[in-house]
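First comes the structure, then the notes that go with it.
The values are calculated or read from the model by the stated rules, or taken from the named source; none is laboratory data. Because the structure is predicted, anything quoted here is derived from the model rather than measured. Using ideal geometry, Cβ is built from the backbone for each residue, glycine included, and neighbour counts are taken over all protein chains shown.
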Amino acid sequence: MNKYIIITLIIFSMTSFGQENDEDINTENIEDVVVSVSFIPDEKRDTSEISNVLTSEDMTLAGDSAASDALKRITGLSLVKGKYVYVRGMGERYSSALLNGVLLPSPEPLKRVVPFDIFPTSVLESVLVQKTYSAQYPGEFGGGVIDMRTKLIPDSEFAEFGISFAYDSLATNTNAQLMTGFDGDWTGFDDGSRNLPSSLQPFYANGDFVSLSNGSYAELTRAGQNFGGEWAPEETSLNPGLGVNLAYGNSYYRDSGIVGIIFSAGYDNDYSFIPDIKRTNYARGSENDLVSRDTYDVQKTNNQIDSNLLASIGWDIDGMNYLQLTNLLVRKTDNRLTLSEGKNVEADFFAKNTKFEWVERQINSLTLSGKHDLSSGLYIDWRYGFADGKRFSPFEREYFYECEESFIENCLGKYEFSRRSDSNSTQFSWLNDDATEVAIDFNYPFQTTSNELELSFGLKQSKKERKTDVKRYRFLPDFVNGSLFASQDFRRQSIENILSAENFRLDRSGLILLEETLNTDNYEGNLTIDAAYLSIETTLNDSLEITAGLRTENSDIEVITQTFFGGANSAISSDKLDKLLPALTATYSFNDSMQLRLGYSETLSRPQFREMSPVLFVNFDTDRLERGFLGLKSSEITNIDLRYEWYFGSGEFFTLSYFRKEFINPIEQVLEAAATSDYVSYRNAKSAELDGIELETQKQLGELIAGYDFFVKFNYTLNESKAVTDPEFVVLSSYDDRPMVGQPENIFNFQFGYYGSNDTRLSLNYNDVGERIRELGTDVIPNVLEDLPPLLDLVYSKEIQAWDGIIDLTVKWRNILEEPYEALQGNKVFESYPSSSSISFSLKYNY
């Protein structure tokens, strides 16, 4: 904490010194200042909400190639993995993103994150980051909203082509094990080789389950023999990361108006490798101390393939009426292998576990919108959006070998395939989301005898449907005979030999295929929101501007967890809410360079479908088991914001903000103990409070070196949160008056760099996020705390005139410090692993 305070005082002293030595600055002319960085004080002052606006010109001048590059410099925004943006450190639950006014679905159907690195700045007209709520936005608002607008009509023809290569200090050229897959896997699309085996179809033709009640033993044997799929990984050398992107835009003048087209596409193929992961799960011992339940050394290898496509057609009919059609396709595919070795202390054996996954995720979004500026002064903005989301995870396989020696050193050559019922599994899962949104907004400015007013009102309806399906299978010794598995030599063979087709035998001495799909594995979800709002903005005098709005939202969430065998529904979880959401903002200007903003609003946070269903699943990012909770309900949030702003020079400013959020029924992660393994679930806490202070300053340092204009920027967010557990669930946690789960105490960003007269740019970026609760403990074990490692990045770029265009060379050195990650439970290590640095080189040609 002290280091942040010292840095704050130093930087504020620098800004004060700059003000004292620029006495000849005429503050009355600040409105005409042209800013050469990504913040425009004019637009900050001209909006009544606490917001930041980035225009296409800002992003071009700053050398930003993607939206993520621009957003990382905004106060209170945390950039995670170079692509995901969280507002005020509040995580994915409290951040939302819009594209052309339509809520962007996530390509991660089980999360709420949007990868902002897929949006090239060349196709964006503007990006608005708003931290105070206003009535025209969806009521599900916590930390803030990021609203991106694509260009309707390009100013001129442009084309871009880029290629990049990345070196990862842990992954690149490392020999690691991975599932080699099939020839077309580099595309991220499975070619059908991983589809559900056709040998199972005779059973599903007669029922819903693979069992002897739906087929003969001979058919079950053939199904096992022909099940297919790979079992053993192969060693491969991990290649450097490769990325390719392109963009094109042009406008065409016709008698019927101006038609503009914009197109962009991107492809990335990257590898990651994390060795030496240490994981330990704990229980409370007899001496009231923490004792190990299991402890493992883990190694992860992942090949991530990302692709995206954005296409837009705009039609400027007559300068007052506009139509636009936008299509966005985003795909993310992971081919991941996890190897672990360690001891299950409770069961008293050592285990070597192998797990591999192929996971495809896709979002396809289509939006038709129109804008009409009528001669009466009425402005109409309407839009219709449809989005289809899919997640497909075929042949997700896991198996383990065990050893019952006293010491792991004695297990070499003695591991044998486990005969336990959970020794292996093969899973297929499908998830499909369909979402529609239709909305219309009206804006009408008018004037009374004493004031100018602007009236806004609108209607919106959104619907979302989800359907999931899971199939689980195991290969076990036949329950009648299974004598083949009695041989220890047989069990010590490789997995391919043990589970080969010849070991599925009609004499019942070998393997048998069992389906173990659970009754609660499949669920359907439905969400409907009907909304309307009214807002009025007025300037009472030269110094005070007020915006008042009211939004009503009637929402209904229903999650139905189906019994696998049909019949009655096993569980229904629903949450209905009809809320009036007020929003009030006021801006008071002391003079042309200083102003004060105040905001008050009431908003919501709704649970996700998966958080409301008792389906048990494995979180892809954490490898933790998770299960939803039937009684989960929406959170209600009261927001108060206060910000002081001082613009003391060209591209120079100082802001100080205070915000407070009061939560009713905040949704929190909790850790539940089970007989075999703990799992993460979700509960509503009784209440929570969050108080925060944000400080931001930017100073132009001038030409410290001839030809190079240096700048420094600093922002710091201090949070203090407190949550109170609902007495109904006090057995889950005795930690009242604790911080909210996932809420860090500090967020610190520092940036130092220059703009060179020789078309070069350099930026040194430092980010540090303070300690936070990763998982809430139980009544007998403490919370899991994580302190994220600090990140230091260096970015250098240079523009070169060539071939009637510009070549942009960019070098990025990320995570220079390579600080390891560590999470603690009590004073013991819960999880730790090393982090890698990466160096990427990219070339982009545009004209």
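Some points to look at:
- Residue identified as surrounded by fewer than 18 Cβ atoms within 10 Å (Cβ to Cβ) and modelled with pLDDT of 90 or more among LYS798, LYS812: LYS798
- Among the residues of the stretch 537-554, those identified as assigned to a strand (DSSP E or B) and either touching a Phe, Trp or Tyr at 6+ places or on another chain (Cβ under 9 Å) or under 27 Å from SER573 (Cβ atoms) (or both) are LEU544, GLU545, GLY549, LEU550, ARG551, THR552, GLU553, ASN554.
- Criterion: surrounded by 18 or more Cβ atoms within 10 Å (Cβ to Cβ), touching a helix residue (DSSP H, G or I) at 6+ places or on another chain (Cβ under 8 Å) and at pLDDT below 95 - qualifying residue of PHE209, PHE203: PHE203
- One residue stands out in the stretch 137-148 among those that are in contact with a strand residue (DSSP E or B) (Cβ under 6 Å, 6 or more places away or on another chain) and in a loop (DSSP other than H, G, I, E, B): the one that is farthest from LEU459 (Cα to Cα), namely GLY143.
- Among the residues of this structure, LEU584 does not count as one that is within 29 Å of ASP334 (Cα to Cα), in contact with a Phe, Trp or Tyr (Cβ under 8 Å, 6 or more places away or on another chain) and either crowded, with 19+ Cβ neighbours inside 10 Å or touching a residue at least 24 places away in the same chain (Cβ under 8 Å) (or both).
- Scanning the stretch 819-847 for residues that are closer than 21 Å to ARG772 by Cβ and either touching a Gly at 6+ places or on another chain (Cβ under 6 Å) or of a type in the set (D, E, K, R) (or both) turns up GLU819, GLU822, LYS828, GLU831.
- Candidate set from the stretch 743-752 (those that are out of contact with any helix residue (DSSP H, G or I) (no Cβ under 9 Å at 6 or more places or on another chain) and surrounded by fewer than 20 Cβ atoms within 10 Å (Cβ to Cβ)); member that is modelled with the highest pLDDT: PHE752
- Test: residue in the stretch 546-553 that is surrounded by fewer than 16 Cβ atoms within 10 Å (Cβ to Cβ) and either modelled with pLDDT under 90 or over 31 Å from the mean Cα position of the chain (by Cα) (or both): no
- For the stretch 180-221, filtering for residues that are part of a loop (DSSP other than H, G, I, E, B) and free of Cβ contacts under 8 Å to residues at least 40 places away in the same chain leaves 13.
- Candidates SER312, SER307, filtered to the one that is assigned to a strand (DSSP E or B), modelled with pLDDT of 90 or more and touching a Ser or Thr at 6+ places or on another chain (Cβ under 7 Å): SER312
- Listed by position, the strands (runs of 3 or more DSSP E) inside the stretch 46-112 whose residues that are modelled with pLDDT under 75 and over 24 Å from ASN846 (Cβ atoms) number at least 3 are 77-80.
- Any hit, the stretch 771-784, residues being surrounded by fewer than 19 Cβ atoms within 10 Å (Cβ to Cβ) and under 25 Å from the mean Cα position of the chain (by Cα): yes
- Residues that are in contact with a Pro (Cβ under 7 Å, 6 or more places away or on another chain) and surrounded by 19 or more Cβ atoms within 10 Å (Cβ to Cβ) occur in the stretch 621-632; there is at least one.
- Applying the set (1) at negative phi; (2) at pLDDT below 90 to ASP623 leaves exactly one unmet item: (1).
- The set of residues from the stretch 445-461 being at pLDDT 95 or above and either over 21 Å from ASP542 (Cα atoms) or outside any strand (DSSP E or B) (or both) comprises SER456, PHE457, GLY458, LEU459, LYS460, GLN461.
- Candidates THR187, THR121, THR180 - the one that is within 23 Å of the chain's Cα centre (by Cα), of a type in the set (Val, Ile, Thr) and surrounded by fewer than 16 Cβ atoms within 10 Å (Cβ to Cβ): THR187
The rows are residues; the columns are (1) of a type in the set (D, E, K, R); (2) touching a helix residue (DSSP H, G or I) at 6+ places or on another chain (Cβ under 6 Å); (3) buried (at least 17 other Cβ atoms within 10 Å of the Cβ).
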| residue | (1), (2), (3) |
| --- | --- |
| ILE305 | no, no, yes |
| LEU309 | no, no, no |
| GLY314 | no, no, yes |
| VAL345 | no, no, no |
| PHE356 | no, no, yes |
| THR367 | no, no, yes |
| SER376 | no, no, no |
| GLU402 | yes, no, yes |
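- Scanning the stretch 262-289 for residues that are closer than 30 Å to ILE781 by Cα and without any contact (Cβ under 8 Å) to a residue 60 or more places away in the chain turns up GLY285, SER286, GLU287, ASN288, ASP289.
- The stretch 181-200: number of residues that are modelled with pLDDT under 90 and touching a strand residue (DSSP E or B) at 6+ places or on another chain (Cβ under 7 Å): 1
- Taking every residue in the stretch 593-612 that is touching a residue at least 12 places away in the same chain (Cβ under 8 Å) and surrounded by fewer than 22 Cβ atoms within 10 Å (Cβ to Cβ) and pairing it with any residue that is β-branched (Val, Ile, Thr) and not in a strand (DSSP E or B), at least 6 positions away or on another chain, the pairs with Cβ-Cβ distances below 6 Å are SER593/THR27; SER593/ILE30.
- Residue among PHE648, PHE617, PHE629 that alone is in contact with a helix residue (DSSP H, G or I) (Cβ under 8 Å, 6 or more places away or on another chain) and over 30 Å from GLU831 (Cα atoms): PHE648
- Counting the residues of the stretch 258-297 that are among the small types (Gly, Ala, Ser), more than 24 Å from the chain's Cα centre (by Cα) and part of a strand (DSSP E or B) gives 3.
- Test for THR354: is it part of a strand (DSSP E or B), under 28 Å from the mean Cα position of the chain (by Cα), at pLDDT 95 or above and under 30 Å from VAL244 (Cβ atoms): no
- Residue pairs meeting the criteria (Cβ under 6 Å; at least 6 apart or on separate chains; first more than 26 Å from THR174 (Cα to Cα), in the stretch 290-303; second modelled with pLDDT under 95 and not in a strand (DSSP E or B)): LEU290/GLY826; VAL291/GLY285; SER292/VAL345; ARG293/VAL345; ARG293/GLU346; ASP294/VAL345
- Of residues in the stretch 139-172 being modelled with pLDDT of 95 or more and among the β-branched types (Val, Ile, Thr), the one surrounded by the most Cβ atoms within 10 Å (Cβ to Cβ): THR172
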